[in-house]
Amino acid sequence: MFRTILQELLLSFTLTARDLIDRLSAVDPDTPVCLAINPIFPFRHGIADVIAVQDALGRTTVYVTENGDQQGPVPPEVTVAAAWHEPTEAPRRSRTGIAVQ
């Protein structure tokens with residue numbers, strides 16, 4: 001993988017409810033929201049619920065749960081933006097189906 005120091009710092013950042021609300025408020029409220037799961041073999045999953053629980057110290061954590069509906073592969077532009085994969089292009093093909101070098 002091709003992660004930079006900045007990307008590593010961003011990956012160690014814990015997203016807060018405020019961060020999530022801010023990011024979601026930038027899109028049309030009727031836009032579907034999905035989870036992108038597993039950087040090695042990324043698939044799109046539906047969301048079931050958002051659940052807040054408190055730990056033994058009284059700290060609240062919010063969980064976004066998936067509904068078990070695996071909806072197909074995550075689009076390449078998402079995996080690149082998440083720094084899971086490097087940008088790639090399909091090889092050019094000739095009319096005979098043999099890749100052009």
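The values are calculated or read from the model by the stated rules, or taken from the named source; none is laboratory data. Nothing here was measured: the structure is a model prediction, and the numbers come from that model. In this analysis, Cβ positions are derived from the backbone assuming ideal geometry, glycine residues included, and neighbour counts consider all displayed protein chains.
Brief remarks on what is shown
- Checked against the criteria, Val50 counts as of a type outside the set (Asp, Glu) and either more than 12 Å from the chain's Cα centre (by Cα) or at pLDDT 95 or above (or both).
- The condition of being modelled with pLDDT of 90 or more and either exposed (fewer than 10 other Cβ atoms within 10 Å of the Cβ) or not aliphatic (A, V, I, L, M) (or both) holds for only one of Thr96, Thr31, Thr88, that being Thr31.
- In the stretch 65-85, the residues that are loosely packed, with under 10 Cβ neighbours inside 10 Å and in contact (Cβ under 8 Å) with a residue 24 or more places away in the chain: Gly72
- The single condition among (1) modelled with pLDDT under 90; (2) of a type in the set (Asp, Glu); (3) under 24 Å from Ala83 (Cβ atoms) that Asp69 does not meet is (3).
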